[in-house]
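For reference, the structure is listed below as structure tokens.
No lab work stands behind these numbers, since they all come straight from the coordinates. Being a predicted model, the structure only gives us computed values, none of them experimental. Note that we place each Cβ from the backbone using ideal geometry, even for glycine, and neighbour counts take in every protein chain shown.
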Amino acid sequence: MRASEADPWAVVAAVRAGDESAFAELFERHRRELHVHCYRMLGSFQESEDLVQETFLRAWRRRSTFEGRSTFRAWLYRIATNACLDVLDRHPRRVYAYDATAGTATVEADPPSAVPWLGPYPDLLLDASASGAPDPDTVVVAKETIELAFLVAIQHLPPRQRAVLILRDVLGWSAAETAALLEGSVASVKSALARARTTVKGHLPARRDDWATPADPTVEERALLQRYVDAHERADPNAVAALLADEVRLTMPPEPVWFVGREAIVGLHTEVFDPASPRFHGRWRGVSTRANRQPAVTHYCERPSAEATRELPGAFKAQVLDVLRIQHGAIVEITSFEPSVFGAFGLPLTLP
């Protein structure tokens, strides 16, 4: 049985018929956008996978309650949002500021927000969802605001305010639709949205005037990304320095470590590039990718032998995923993630 959402009664019949394969087919049309929605609510790629599965199970168990008064898509969003709110109610999370001492930094700066559970979202999944979208509503996934800076900012919001802001300002739902989903009043939605906007604005980076998704990478951005890869493969800290803004910032969630300023970050690279340093990582290789609509690099390292610091041929092991924020031709922020995220990007943990 196939049911188009253009025919609401066919959808109601398909959902309530108890045909699990037909139900699953309808659900799959919205899986990726629901995953992105849960990702925004939670900030974690893996947890969002679990919540999408929980949404499917809840929807299947409650299929008899779907009466076609809203679209099937809106009904699923209600279930997914409530599933996320339940998790956040059971396991409250606190965004805090990093320790005031920033690595070996010499530049004075306010500590950034620490979001230990934050993870990257592969662009390849957003692109695949948009290109295969069976109806115009799902294309919104490719256009939603999903930058890491925005993800960090909205984690400061109480869960219901976060849901209101995402539904209203990201998905474009009306106040009445949002109130219906959250089983509240239009007045309460408008009030929550006003407070949420004020909070988020205070946590967005300086000179970040809008929340729109960045355009496709420019020629200059791609060239800068390649230079960043080359600088690591040549183990050249000076080449890294040439790409960084003066007050560039580096964080490594979930680690409570941060660096600010070109001097501090170049100092870190100098240590990991130097065979005589105890922090020497070995030879580097990089694979360019994109995450959260931002340029990114997955780095691999060929570790030196235990007996000597000289390089020996061998496998390159996954080291780190760097997601870059670029402004005015320079890197202003690097967010580094552990190798556990490589799988979501379809990348191996070892390169030959």
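Across the stretch 71-81, coupling constants 3J(HN,Hα) worked out from phi with the 6.51/-1.76/1.60 Karplus curve, θ = phi - 60°, read 6, 4, 4, 5, 4, 5, 4, 4, 5, 5, 4 Hz, and Gly and Pro carry x. Each peptide in 40-50, 15-25, 157-167 was scored by the mean count of other Cβ atoms within 10 Å over its residues; highest first, the order is 157-167, 40-50, 15-25. In this rough spin-label picture, where each label sits 7 Å from Cα along the Cβ direction, the Glu271-Glu247 distance is 2.4 nm. FRET efficiency for the pair Glu28 and Ser174, taken as 1/(1 + (r/R0)^6) with r the Cβ-Cβ distance and R0 = 22 Å, rounds to 0.25. If each of Arg234 and Val219 carries a label point 7 Å out from its Cα toward its Cβ, how far apart are those two points in nm? The modelled label-to-label distance comes out at 2.2 nm.
Each label was represented as a point 7 Å from its Cα along the Cα-to-Cβ direction; for Asp86 and Ala330 these points are 4.9 nm apart. Full extension of the chain between Asp50 and Gln226 gives 59.9 nm of extra length, using 0.36 nm per residue less the Cα-Cα distance. As a rough guide to protection, the peptides 149-155, 61-67, 180-186 ranked by mean Cβ packing within 10 Å, highest first, stand as 149-155, 180-186, 61-67.
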